[in-house]
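Please read the structure below before turning to the comments.
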Amino acid sequence: MKHPTVLIVDSDPRKLAKHAGILSEARYIVHKATGLAEASGILAKHRGQLVVLCALAPGGESGLAFLKDSLKKFPFTPISFLEASPPLKSVLGALRQGAYDFLRTPVPPDILLHSVARSVQKLSLTLEAEKQEKEFRKLLDRNCEELKDARTLSSFKGFMISMAAHDFRSIITVLDGNLKFIKERCEGCMVTEASGMLHDAVRTIGRLHTMASTLLDYEAAESGSIRLAIRPFPLSDILKECVDFYRAYAEQKKVELVLGGDPRGVNVSGDRGMVMEILDNLLYNALKFTPSRGTIRLSGWKEGGFAVICVSDSGAGIPKEKLRKIFDQEDMVATLDSHARLGLGLMICKRLVEAQKGKIRIDSVPGEGTQVHFSLPAV
């Protein structure tokens, strides 16, 4: 997005002016609305291509109803809520309906800017993906006769995944080049915070490279012929790296993220990059579905000849009917529902764990949280 645009919806003029001032100073284009009808009009005018920050009940109206109606028309629009003391039921309801974030007011400026920046990034990637999808459809139309000769639906799926991954890599390469340019220009800068943000951005791009490789290897994982770089590595190092990486996001969500178990001296025999991808999926899911004041525990220990890793959260949990089919590809429903996205990520995790001669299981109770255990050979 060339000009990041934010819509703030709040009937309190002081809060509206305060948040608008923070974002305007950071060079965002800001639109303000005191009611939901006005907000819906602005959203429609921009065809949903903006970030929305909304009070839970502006002017006594239902922000949750606004969320539901808006996402029906513009499912890609990131909508976050701002509220001083939101009921837990409202927080969980908003997240289940597709809210991107829930921030407790008063929001420190750095937290507000961080959340909006992540929303802008999500919207940009979604719009880019939509553009790529249109190009894919044009390509499919031009090559319809060739696709009819494909042997199976699986080969067609592999074709699409490979194309998406290669395009994904191209975008990352451009982003990586821009980041390196900024980093070179900032050499010798005295602002430590900016240096830390650049360091985190470099790590994030590294994760994106791994994700692109995972897409390319997905079909191979299903057939058992995935390319693996099996080497011993310390379990404690990778667990600490994951906790450090997600700690800022956890603090923003007001979720306690802790490292537990006794991983000291335990060495895993596996592909470190793929294990990191598994943990990324599991920790992100846990943070997404764990409400404020909840707890996420990442633990590791040795059990027999295996290294066991557990991601435990106090979040919403997974309904029994979905839990039974969470690893069943035939029953995976391709919808925009958050549980479908959760299931897809877990299905990929299962493929990657089994490709490294490991096992994975999930225990979950709705309303009490979820525990995901996976084990890999130890040395």
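Note on the range 48-95: percent of Cα-Cα distances in each 10 Å bin, starting at 0 and stopping at the bin with the largest distance, equals 26, 58, 15. Taking the Cα centre of the range 5-110 as origin and assigning +1 to Lys and Arg Cβ atoms and -1 to Asp and Glu Cβ atoms, the resulting dipole is close to 220 debye.
In a simple Cβ point-charge model (Lys, Arg +1; Asp, Glu -1; nothing else charged), the range 231-377 has a dipole of about 100 debye relative to its Cα centre. All other residues with a Cβ under 11 Å from the Cβ of I360 taken together, and with Lys, Arg as +1 and Asp, Glu as -1, what is their net charge? Spelling it out: positives minus negatives among the neighbours equals +3. Local charge for G59 was computed over the other residues whose Cβ lies under 13 Å away, with Lys and Arg +1 and Asp and Glu -1, and equals -3. Considering only beta bridges that DSSP places wholly inside the range 231-377, some 80 percent are antiparallel. Checking every one of the GluC sites (Glu not before Pro) in the range 23-70 against DSSP loop status and a limit of 11 other Cβ atoms within 10 Å picks out no site at all. Summing charges over all other residues whose Cβ lies under 10 Å from the Cβ of H31, with Lys and Arg as +1 and Asp and Glu as -1, gives +1. Working ranking of peptides 7-16, 84-93 by packing, defined as the average number of other Cβ atoms within 10 Å per residue, highest first, is 7-16, 84-93. Note on the range 1-154: Cα-only Rg and Dmax are 18.4, 63 Å.
Here, each number is a calculation from the coordinates, and none is a lab measurement. If you're wondering where the values come from, they're calculated on a predicted model, not measured in any experiment. Positions of Cβ are backbone-derived with ideal geometry, glycine not excepted, and every protein chain shown enters the neighbour counts.
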